[in-house]
Amino acid sequence: MPLARGTPAERSLVPAFVRADGKSRGRPPHRVGPGPAARLHRKEPPVNTPLSGAVSSAAVPAESVSSIVDSASAPTTPTAPVAPIAPVADLASARVRHELAELASRLDGRLSVPGDPGWDADRAAWNLAVDQRPAAVVVAASAADAVETVRAAAAVGVGVAAQSTGHNAGPLAAQDGFDEVVLLRMHELRGVEIDAETLVARIQPGAQWGDVVAAAAPHGLAALAGSSHDVGVMGYTLGGGISWLARSHGLAANQVLAAEIVTADGRLRRIDAEHDADLFWAIRGGGGDFGVVTALEFRLFPVAEVVAGMMLWPLDAADEVLQAWAEWTGGLPDSVTSTARVMRLPALPELPPFLSGRSLLLIEAVCQESPERAEELLAPMRALSPEMDTVHPQPVAELLQLHMDPPEPSPGFGDGMMLSELSPATVRAFLDAVGPGADTALLVAELRHLGGALDPDAALALAAERGVPAPGAIAGFDAQYLVFAGGIPMPGIGDALVVSLGRLFSRIEPWRAPVEYLNFAEHARPAEQLFGERVHRLRAVKLDVDPEGLIRSNHPVRR
């Protein structure tokens, strides 16, 4: 059936995209150290003091990614290669060129500019559908590199945007003036330290959740990790962080105990509830708009095993099963987190036969209960005779594989929305857009159950009960469910993806919650939509620490 192009209203709900294709970059191994008090890099500068300079190191060549292609082009036809140009020519300033050349000599890492052999690899985001074209890229090898980059950018009047993996890079790359920004890539700084006695992890800015889980699991400890091993800890946590344990433990941002951050004045500060308290409040849920965070320390939890897995039905069963799931989630204890996913999978040899070329409904569940209690809780869903049931006791580390996210950088196009409720009418509207017989180009459309410790009042009460710092800018959400939907922007289906996503959101719009989740906002949002009334305090903090707007982020509070 041909894909409908949709109404103008549906098309207007989601911006157009630019597709990029490329190869996975190598990942250095994580390091595990003695404890949070130790410094994670030999050249890390003193906190809260000026930095006199850093010793240079030779540039390290990076693997190239393939050329950028437009979604409407033939899949094997790349654009013309980037021709060599004068260094940082787009800035049209001899002073800028001189200052960046001077910066390169002070870096432990490397500076990359248009025309350099590693330029395409250095500027690539995890989402290969995002075409990032900054003025220059600094690939940091130390916290000192972040200080030097911020100072150099301030001296010449260009912006700085920090990035680790680049999972939510689309809103940043689309901003006006991004070609006058130095992109500070932190992905090579992946150190992790675990203090098993104090239940605290300390991470460098490029650490991924696979690094943290691998370091914490041998101690019987769990972090409030993302759904995939290669999700960056830093961006995920600064934006909130909804884990498989979130209904019982709250947002990952609420577990942060301290951070080290380079502010626009070029100072590396250590902040916590007693030092720069307003700034500490802002970074916990307010995103990366306040400085370049070079280290985080956060709580771990003594959770070694859970009962978890998925149940699978053919999509034709979605009407019955999804309505039952919505009712089931309404009565669950906070110890259970669950997700429902509609998936339309292409026929690919690398997919297992039970997935390849099929349209399916998956229910995923994680229970922090005994196997016997989990059996009781799961009984209503198992009564619907799933085709496959993989729920079983397992180490908490295995949760990184449950959601079956892509294992390496991939092109994607999607967006999120929060819902105030999931009534029978909401379910019908959702399935009208993505269920059996729906005319859609979306690969996946999912619903995540919220509530529990993700409720703002519950999060505040939990912090008081545990005697830990009160939550930051985002304590939780006035919402009950989180929607995310998307697809792969293959050549020829770009318009269909835009229409399909717009159609879904228009169908469920009557149940939209008053807030949005920063980490699932893949396109620009008004700051008020992300932060509500807290935006005024966030803007005051931004004005205090960065009055000129030097630091850029994917979701700026001044928008």
Check your understanding: Is it the case that region 233-243 has a residue that's modelled with pLDDT of 95 or more, open to solvent by 10 Å² or more (accessible area, probe 1.4 Å) and touching an Asp or Glu at 6+ places or on another chain (Cβ under 8 Å)?
Key -> no
Exercise for review: Check off (1) within 18 Å of H403 (Cβ to Cβ); (2) open to solvent by 10 Å² or more (accessible area, probe 1.4 Å); (3) within 24 Å of the chain's Cα centre (by Cα) for E350 and give me the number that stays unchecked.
Suggested key: (3)
Practice item. State which residue is nearest to G412 (Cα to Cα) when the search covers only region 124-134 and only residues that are surrounded by 22 or more Cβ atoms within 10 Å (Cβ to Cβ) and not aliphatic (A, V, I, L, M). Key: N127
Exercise for review: Of all residues in region 350-394, count the ones that are touching a strand residue (DSSP E or B) at 6+ places or on another chain (Cβ under 7 Å), free of Cβ contacts under 8 Å to residues at least 60 places away in the same chain and within 24 Å of V434 (Cβ to Cβ).
Suggested key: 7
Study note, to complete from the structure: From the option list D289, D265, single residue qualifying as among the acidic types (D, E) and open to solvent by 10 Å² or more (accessible area, probe 1.4 Å) is D265
Check your understanding: Across region 463-501, what is the total count of residues that are in contact (Cβ under 8 Å) with a residue 60 or more places away in the chain, assigned to a helix (DSSP H, G or I) and over 20 Å from A340 (Cα atoms)?
Key -> 7
Point to revise | Some residue of region 125-138 being among the aromatic types (F, W, Y) and at pLDDT 95 or above | key: no
Exercise for review: Quick one: count up the residues across region 506-559 that are touching a residue at least 60 places away in the same chain (Cβ under 8 Å), assigned to a helix (DSSP H, G or I) and open to solvent by 70 Å² or more (accessible area, probe 1.4 Å).
Suggested key: 5
**Study point:** strands (runs of 3 or more DSSP E) wholly inside region 252-316 that include at least 1 residues being polar (S, T, N, Q), under 24 Å from the mean Cα position of the chain (by Cα) and under 15 Å from A162 (Cα atoms)
**Key:** 292-299
Review point. Can you tell me how many residues in region 308-347 are open to solvent by 40 Å² or more (accessible area, probe 1.4 Å) and among the aliphatic types (A, V, I, L, M)?
Key: 1
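To keep it simple, each residue is scored yes or no on (1) surrounded by 19 or more Cβ atoms within 10 Å (Cβ to Cβ); (2) in contact with a Gly (Cβ under 9 Å, 6 or more places away or on another chain); (3) among the aliphatic types (A, V, I, L, M).
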residue: P406; (1), (2), (3): no, yes, no
residue: D432; (1), (2), (3): no, no, no
residue: A459; (1), (2), (3): yes, yes, yes
residue: L462; (1), (2), (3): yes, yes, yes
residue: E465; (1), (2), (3): no, no, no
residue: P469; (1), (2), (3): yes, no, no
residue: I474; (1), (2), (3): yes, yes, yes
residue: D478; (1), (2), (3): no, yes, no
residue: V483; (1), (2), (3): yes, yes, yes
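The values are calculated or read from the model by the stated rules, or taken from the named source; none is laboratory data. Predicted model only: the values in this text are computed from it and were never measured. Virtual Cβ from ideal backbone geometry, glycine too; neighbours counted across all protein chains shown. Accessible surface is based on the protein model in full, side chains and every heavy atom, while ligands, DNA and RNA are left aside. Shrake-Rupley method; radii C 1.70, N 1.55, O 1.52, S 1.80 Å.
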